[in-house]
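What follows draws every value from the coordinates through simple rules; no lab data is involved. Keep in mind it's a predicted model, so treat the numbers as computed, not measured. Neighbour counts are summed over all protein chains in view; Cβ atoms, including those assigned to glycine, are modelled from backbone coordinates with ideal geometry.
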Amino acid sequence: MRLQKNKDLFAKIAQQYNSWYEDPVNRCMDRQEKAAVTDALKGTGYRANLLEVGCGTGHWTEFFLSKGFQTTGLDISDEMLRVARSKEMKSAHFIQGDAHKLPFEDETFDICAAITLLEFVDDPRKVISQMYRVTRPGGRIIMGVLNKYSIVGIRRMLKPGKTIFSDAHFFSFRELQETLSKFGRSRIMGSTFCLPWEWALPYANVIEEFGRLFVPFWGTFLVGVLFKDNR
């Protein structure tokens, strides 16, 4: 099973996971990803109750807390959660669990978010269904996924040797759009057009603006928003 294989792999790299953000290109990508998720969160309201599915070492948990959300993080990896808890985010709550069977009652959260999780699970639609179930009417589900048709996505898939992406299922813009539309009203944004070379960093903002407007389907990071409308 893909999820169990990735659980073991992520446990091995948990301590080094945050070192990815030390590279200047990766930091640029991280900023652009967070700008896109910030756009997806607009209108949700301060102090909303948010579940982060696949929270890993808590990198995005810190981001959600900084935006004022009451955040619960769930991950299948005990080692990832150990690293997350070591960051002492006192207002965050962490729980071990499987994204395919969320251990929460129906309509518990205002927002459910999963950042780079769907690529590593056995059944993406089941995970989305679970997130939809625990989201309150009027809330939203936010999915951040890696685009298989971006420059960075192709480089990751072709990288030799065993990596965390070896068994991952990257998404296309249309595939994410079609997957979310089966659950209800949704929209997709393409983001993170930062080129994977340090010489391109001075042009990152211009490239990002151009990419979002004209070629969103080529963005490294795709953000899908699924709205759970009031009954």
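Just want the ordering: 42, 228, 159, 87, from fewest to most Cβ atoms lying within 10 Å of their own Cβ. Present the calculation step by step, with values, prior to reporting the outcome.
On the way: 42 7, 228 22, 159 11, 87 14.
Ranking 42, 228, 159, 87 by Cβ neighbours within 10 Å, fewest first, gives 42, 159, 87, 228.
Going down the list 67/228; 126/159; 67/182, which pairs span over 25 Å between their C-alpha atoms? Don't jump to the answer; show the numbers that get you there.
Details: 67/228 21 Å; 126/159 29 Å; 67/182 29 Å.
In this structure, 126/159; 67/182 exceed 25 Å between Cα atoms.
Once you mark the chymotrypsin sites (Phe, Trp or Tyr not before Pro) that are in a DSSP loop and have at most 15 other Cβ atoms within 10 Å, what is the longest gap between them in the chain? Write down the numbers at each step before the final one.
Working: sites that count: 46, 197.
In the chain, the maximal stretch lacking such sites is 47-196.
With N residues in region 141-231, what two-decimal value do you get for its Cα radius of gyration over 2.2 N^0.38 Å? Write down the numbers at each step before the final one.
Values: Rg = 14.6 Å, N = 91, 2.2 N^0.38 = 12.2 Å.
Normalised by 2.2 N^0.38 Å, the Cα Rg of region 141-231 equals 1.20.
Rounding to the nearest 20 debye, state how big the charge dipole of the chain is about its Cα centre with +1 on each Lys and Arg Cβ and -1 on each Asp and Glu Cβ.
Details: 32 positive and 27 negative charges, 66 e Å.
The calculation lands at about 320 debye.
Would you please name the GluC sites (Glu not before Pro) within region 31-89 that are DSSP coil residues with at most 10 other C-beta atoms within 10 Å of their C-beta?
Values: sites: 33, 52, 62, 79, 88; in loops: 88.
In loop regions of region 31-89 (DSSP not H, G, I, E or B), the sparsely surrounded GluC sites (Glu not before Pro) are 88.
Say R0 is 41 Å: what FRET efficiency, to the nearest 0.05, do residue 229 and residue 199 get from their beta-carbon distance? Before the final figure, lay out the partial values.
Numbers: r = 46 Å, r/R0 = 1.12.
Working from the Cβ atoms, E equals 0.35.
Among 166, 150, 86, rank each residue by its count of other Cβ atoms within 10 Å, from fewest to most, as a rough exposure measure.
Working: 166 14, 150 24, 86 10.
By the 10 Å Cβ count, ascending: 86, 166, 150.
Put one equal scatterer on each alpha carbon of the chain, apply the Debye formula with no solvent term, and list log10 I(q)/I(0) at q = 0.14, 0.17 1/Å to two decimals.
The Debye formula, applied to the Cα set alone, gives -0.88, -1.37.
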